[in-house]
Amino acid sequence: MTDLIPLANRIFVKPDPSIDNLGDGIVRPDSSGKKPSMTGTILRIGPAVAPGLEIGQRVAWGEFNGNELLVDGQTVKVLSPDEIWATFLPKDAA
């Protein structure tokens, strides 16, 4: 990702890939308009974001929250802290 830095209380998140798993053992990439991913990993945090969120942390948000930005061919979700619904526990803490 370029040197793009979020302003104020914005957070850049890399969405997890959307997949279609029909339960038959074959996982298909999202190509038929299925719901987009609503989880991802924090890439950058703006200077006005209160403590509690960290780069590399996995988060979840609502389907219609935030905006998408294409940076260096990569989709980045731009969210504010109040649009993030939850964080995931690290795998070693679960």
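Restricting the range 1-17 to residues that are among the hydrophobic types (A, V, I, L, M, F, W, C), without any contact (Cβ under 8 Å) to a residue 60 or more places away in the chain and at negative phi, the residue that is surrounded by the fewest Cβ atoms within 10 Å (Cβ to Cβ) is Leu7.
Table: residues versus (1) buried (at least 16 other Cβ atoms within 10 Å of the Cβ); (2) among the small types (Gly, Ala, Ser); (3) modelled with pLDDT under 95; (4) out of contact with any helix residue (DSSP H, G or I) (no Cβ under 6 Å at 6 or more places or on another chain).
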site: Pro29; (1), (2), (3), (4): no, no, yes, yes
site: Lys34; (1), (2), (3), (4): no, no, yes, yes
site: Thr41; (1), (2), (3), (4): no, no, no, yes
site: Arg58; (1), (2), (3), (4): yes, no, no, yes
site: Gly73; (1), (2), (3), (4): no, yes, yes, yes
site: Lys77; (1), (2), (3), (4): yes, no, no, yes
site: Glu83; (1), (2), (3), (4): yes, no, no, yes
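Scanning the range 37-74 for residues that are over 13 Å from Asn9 (Cβ atoms) and in contact with a Pro (Cβ under 7 Å, 6 or more places away or on another chain) yields Ser37, Gly40.
The values are calculated or read from the model by the stated rules, or taken from the named source; none is laboratory data. Computed from a predicted structure; not experimentally measured. Counting neighbours? That spans all protein chains shown, and the Cβs are built from the backbone with ideal geometry, glycine included.
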